[in-house]
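Here's the structure we're looking at; comments come further down.
Bear in mind that the values in this text are calculations on the coordinates, not laboratory data. As the structure is a computational prediction, the values presented were derived from the model and not from experiment. Note: ideal-geometry Cβ built from the backbone for every residue, glycine included; neighbour counts use all protein chains shown.
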Amino acid sequence: MLRHRWFVILVIGLFFLLMGNSAPPWYACEGKADGDPCQYGYGCSTNGVCRLNPNCTDEPNSAVNECLTCVTGRAATQP
């Protein structure tokens, strides 16, 4: 029972460590414009489109547009 408990703690701990290593949502569209294709996900296949998020306010002090994110699926087909 003690081994089982330590295994569960190890799995949960590794999960949180790996989640902290994920890229920010604007990373795939850095240096691109609205409507440009982008690589999204771990496969890095060109299956997304850079779109401006209308509910976002860009931080003026940064060089990156945080509101330009890579979207896939139905959201990628809408202008």
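Here are the numbers for the structure shown:
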item: Modelled FRET efficiency - R0 35 Å, L52 with F16, Cβ distances, 0.05 increments; result: 0.65
item: Sequence ranges 10-17, 28-35, 66-73, 51-58, ranked by mean other-Cβ count within 10 angstrom, highest first; result: 66-73, 28-35, 51-58, 10-17
